[in-house]
Amino acid sequence: MSSSPSHDDADNLSAFSAPTAYTATERANAKLLNRFYEPLHLLAVLNADRGPGEVDLPSAPQSREFRLTLRRSLDDLAWLCDHRHGGETVSAVAVQDLPEGPKFWLVSKHEASFEHLKWVLRELSAVGHSNDEEVKLATRRIAEQSITLSKDKVRRYKKALKLALAKVKENQTTSGPMRAEQFVDREYCLHEVEAITSITDLLELCQACKNFNCWRTLIEVLRWNNLQETRSPWASIWHFVGRLGCWFAKCENLVLTAQQLPRLFENAGCEFLVLPTERNIPVNKSNVNLESALKRMLPVNQQSGVPKLYEQLTDMRLFSIPDAFSENFTNDRLMGRVHAEVFLLEHFYFNEFRPWVREKYIGCSKPSCYCCSLYFRFHPGNFVLRPAHNNVYVGWIPPLMTRLDEPRERKHNLDIMNQINAYIRRDIREEIEMRMPRRGKGADSTSGIDTLLIPSAVATVI
Ligand SMILES: [Zn+2]
């Protein structure tokens, strides 16, 4: 191990100076950012999958269903706006309470998402006074328009489903004995999936996936094919049929909500906030290696434990953790982005918006990542904790990064980030002390299937 100065307090970090290309504010905050990104990178190298997150559930039984419906509707609206594959169009939606009516706020990178949300809200506002036939037609119209907007995504899912089906056919072996009726069930299930993949019309394809009736058989097949094998093509079939069924499932949910809670959509306004574009992360990368990072992570009175910790880390994986850490941390191609849900959270908080029916929920098209989850947890606004996949993304940027010239924002950011940093350090200690094996990174989205019906081990793959 090379010798480098001990760091713990912010004072000790004065040895750092950020590259001059950054603003004065960013340079001033480089120390804080290094204290955040160094442990975050180490955690990502150790185990990027932090397991499912906690969700705040309403405690009062009379309001529980109402609030859960509202939360799901906000997530569903955001999901319909997220029209491209990957993180490009992740969208967040929250609703503000105003005397003239509710106002929906959308955060996304693309204007097309906003145009779609405005159109969907107009359709939903009319549903409250419609008869059954009109409701059915409205559901189909919203699904059709949403699928047209997301046609590239739908095609990509269909392609992935076909690939999974081909792989299943290629390798028909199972880990356990199969009874004759199980074999028949599996063949029927394969036949149904094959029929789905042969549908060329995207609307009909999505409708068929929504009506797919072999979920129970799929669970059984996943059991025979070793539940631990989360990358199994059967798990992919599960995932992509579920994803393709989401367009109709979410539209049906929204239309039902519009019938049950018409005042959520009547006279509703809509506003758009553009998510900041990707950018370099303003941290100091020089003189950073695993040993120096560990010294900054540990308090002054625990510095003597650094060599032992370093040794434990070098011994923990088949690959070199010090090398992986340095390589990832100094990667100049790594770009960072602010995530939509925390961006909207701060917009509501600093503008002192009153959420509709005082439900402090920020909807999002995807479950939250590890850093967003922690940001919600340590935020002073007491917003509801969102569903989370809790994957560690080292390109996560704090939502107030560009506003740290303002003393209030700076203090607010510092308070939250200090708590997040302390949490990450505890997480790393636990990871090392318990010598946790490396887990496969979980999917950052869900299949939209009711996971309550599914055994927990199967639910982890969707
Ligand atoms: Zn996030």
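None of the figures in this text is laboratory data; all of them are computed from the coordinates on show. The shown structure was predicted, so the numbers you read here are calculated from the model rather than taken from an experiment. Using ideal geometry, Cβ is built from the backbone for each residue, glycine included, and neighbour counts are taken over all protein chains shown.
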Tell me the volume per residue, in Å³, of the convex hull enclosing the alpha carbons of segment 245-385. 201
Would you list I428, I199 from fewest to most Cβ contacts within 10 Å? I199, I428
List the relative contact order of segment 305-437 as a percent without decimals, with contacts defined as Cα pairs under 8 Å and 6+ residues apart. 25
Please work out how much length the chain gains when fully extended from Q302 to L414, using 0.36 nm per residue of separation minus the C-alpha to C-alpha distance, in nm with one decimal. 38.0 nm
Note on segment 254-344: contact order normalised by length, alpha-carbon pairs under 8 Å, 6 or more apart, percent, works out to 42
Expressed in nanometres to one decimal, the distance between label points 7 Å along Cα→Cβ at L57 and E133 is 4.2
What's the long-distance tail for segment 74-167, i.e. % of Cα pairs beyond 16 Å? 62
According to a simple spin-label model (label point 7 Å from Cα along Cα-to-Cβ), what is the distance in nm between E327 and F66? 5.5
Against the 2.2 N^0.38 Å rule of thumb, the C-alpha Rg of segment 79-119 sits at a ratio of 1.24
For segment 132-170 and segment 280-355, what is the centre-to-centre distance using only Cα atoms, to the nearest Å? 39
For D201, D427, D332, what ranking results if the residue with the fewest other Cβ atoms within 10 Å of its Cβ goes first? D332, D201, D427
Please report R141, R67 as a ranked list, fewest other C-beta atoms within 10 angstrom at the top and most at the bottom. R141, R67
Greater than 31 Å separation of Cα atoms is the criterion. Which listed pairs, K169/K210; K103/K162; K109/K169; K159/K366; K162/K366, meet it? K103/K162; K109/K169
Ratio of alpha-carbon Rg to the 2.2 N^0.38 Å globular estimate for segment 187-270, to two decimals, please. 1.41
What is the diffusion coefficient of segment 113-170 in µm²/s, taking the Kirkwood radius over Cα pairs and the Stokes-Einstein relation at 20 °C with a viscosity of 1.002 mPa s? 159
Gain in span if fully extended, T148 to A112, counting 0.36 nm per residue against the direct Cα distance: 11.8 nm
